[in-house]
Every structure is written in C-alpha cells, then in structure tokens.
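The values are calculated or read from the model by the stated rules, or taken from the named source; none is laboratory data. Since the model is a prediction, treat every value here as computed from it, not as a measurement. Glycine gets a Cβ as well: all are built from the backbone with ideal geometry, and neighbour counts include every protein chain shown. Ligands, DNA and RNA are stripped out before the accessible areas are found, and what is left, the full protein with its side chains, is counted by its heavy atoms. Shrake-Rupley method; radii C 1.70, N 1.55, O 1.52, S 1.80 Å.
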Amino acid sequence: MFKIRLKELRESKGMTQRDFAAEFGVSKGTVGMWESGAREPRTIDEINRIADYFGVSTDYLLGRTEEKENKIYYEFMEFYQ
C-alpha cells in the first residue's frame, strides 16, 4: 500500500519523481523503486518525514487506515500559527 499512497500523494502535489527525490535527498531511482514496490524506505525516520511532508499519518501512508489527516500535525500547526 505504501507504493500506491506515495505515488498518489506525490502526484496530488504536482510533483515528479525527480522533484520528490530532490526534496528528500534521494535519487529518482529510489523514488521509482518505492513506487514500484521493489524497495521501501529504510528507516522509520524516512517514513515519518514523508508522512509529515504530505500532512498525513504514517498509518495512512502505510495503508493501515483510510483516514488521511494527521490530527497531531494539524493540532501542532494550529498551535504555532
């Protein structure tokens, strides 16, 4: 499910694989492998960074829930605005 969610989220922001790779300091090939399911992020930190970037929960990103919003993220953002 990660591969599907990552691609959907990336495309919803109008980003190419190259754009996303540059943003996260990985190669375009790595993003391609993530999206094809050939490889997944190596660390929890990478998964957390991706989820935070798109404003979704890690559970959503990994396919554990259909609820997209990361409530903690939005509460944090509201608190600091």
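Label separation (E46 vs S12): 2.2 nm, computed from points 7 Å beyond Cα along the C-beta direction. Element breakdown for the chain at a 1.4 angstrom probe: carbon and sulfur atoms account for 47% of the accessible area.
When the helices of the chain are scored as -39500 (n - 2.57) per DSSP H run of n ≥ 4 and the total is divided over every residue, the value at 222 nm lands at -18000 deg cm²/dmol. P(r) for the chain, from all Cα pairs and a bin width of 5 Å, is 3, 15, 26, 28, 15, 9, 3, 1 %, short bins first. To the nearest 10 degrees, how steep is helix 2-12 against the longest Cα principal axis of the chain, on a 0 to 90 scale? Computed tilt is about 80 degrees. Annotation: per residue accessible area for the chain equals 68 Å², rounded to a whole number [probe 1.4 Å, protein chains only].
Couplings for the range 45-56, taken from phi via the Karplus curve 6.51 cos²θ - 1.76 cosθ + 1.60 with θ = phi - 60°, read 4, 4, 5, 4, 4, 5, 4, 4, 4, 8, x, 10 Hz in order; Gly and Pro are left as x. Sequence-distant contacts, meaning Cα pairs under 8 Å at least 6 residues apart, place the relative contact order of the chain at 28 percent.
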